[in-house]
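Structure record follows, encoded as structure tokens.
What follows is calculated from the coordinates using simple rules that are stated; it is not laboratory data. Only a predicted model underlies this, so the values are computations on that prediction, with no experimental measurement involved. Please note: Cβ atoms are built from the backbone with ideal geometry, for glycine as well, and neighbour counts cover all protein chains shown.
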Amino acid sequence: MACDLTGGRLRPCKDAVGGIKKIHFVDFGDLGTLTIGSDDEITDMSGTFDYYTYDVKGNSSLETNITSSMENGTTFFEQVVNLTLFKLTKEDNKELKLMAYGRPHVVVQTFDDKFLLVGADNGADVTGGTAVTGTAMGDLNGYTLTLTANEIRMPSFVDGGTDANPFAGMSSATATEGTQRDPS
């Protein structure tokens, strides 16, 4: 039976860290054909695409909600990326509007340099957010953004990513980093 368990799990060392370092966006459909390994990791992709990197820190997160129905015999994974981007700019207003109109693929780079693909099959929709000036001088001046993807797998690990190139391990992909704006 395809849903039989295959192994247990020991208690791991306490060497993991939380948080997101960077988010990389790719237009929907541009990743090409994904090669999925035996552990549901992405081992290759065939697309030719540009990716756009956003440096994040602080309140940004990736959460996966497991939804399983005994009545319907269905299971899916709601992948939710919450972003906080500091400083309002006219350029970001335009770019975030385009992001809200589309449904990009999202690669989340964690602080321990793991790369997770959100919206592999269906893309990620912007489902909420704010552009906020705050009320006090110490309040957020910037954006909050929520992207949600519903998929048949949890976010897949992307093999071979590096800090310089999140797609470095994808031998069949041609990935080019797009311009990164400085909101100074």
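General remarks:
- Spin-label model, Asp40/Ala16: points 7 Å from Cα along the beta carbon direction are separated by 1.4 nm.
- When Rg and Dmax of the Cα atoms in Å is calculated for this entry, the matching label among [x] 15.7, 50; [y] 17.4, 59; [z] 21.7, 77 is [y].
- Asn165 versus Thr146: modelled label distance in nm, points set 7 Å from Cα along the beta carbon direction: 3.7
- Along the stretch 148-162 the Karplus relation, 6.51 cos²θ - 1.76 cosθ + 1.60 evaluated at θ = phi - 60°, assigns HN-Hα couplings of 10, 10, 10, 9, 8, 10, 5, x, 7, 5, 9, 5, x, x, 10 Hz to successive residues, with x for each Gly and Pro.
- Farthest positive-ward along the chain dipole, Cα basis, beta-carbon charges - from Ser69, Val118, Gly58: Gly58
- Measuring between alpha carbons in the structure, the pairs from Lys21/Lys97; Lys57/Lys114; Lys94/Lys114; Lys87/Lys114 lying more than 25 angstrom apart are Lys94/Lys114; Lys87/Lys114.
- For Lys22, the aspartates and glutamates whose Cα comes closer than 12 Å to its Cα, not counting residues fewer than 8 places off in the same chain, are Asp55, Asp112, Asp113, Asp163.
- Magnitude of the charge dipole for the stretch 80-184, about its Cα centre and with charges confined to Cβ atoms of Lys, Arg (+1) and Asp, Glu (-1), is about 320 debye.
- Rounded FRET efficiency, nearest 0.05, which uses the C-beta distance separating Arg153 from Asn93 and R0 of 45 Å: 0.85
- For Glu177, distant residues with modelled amide H under 5 Å away: Tyr51
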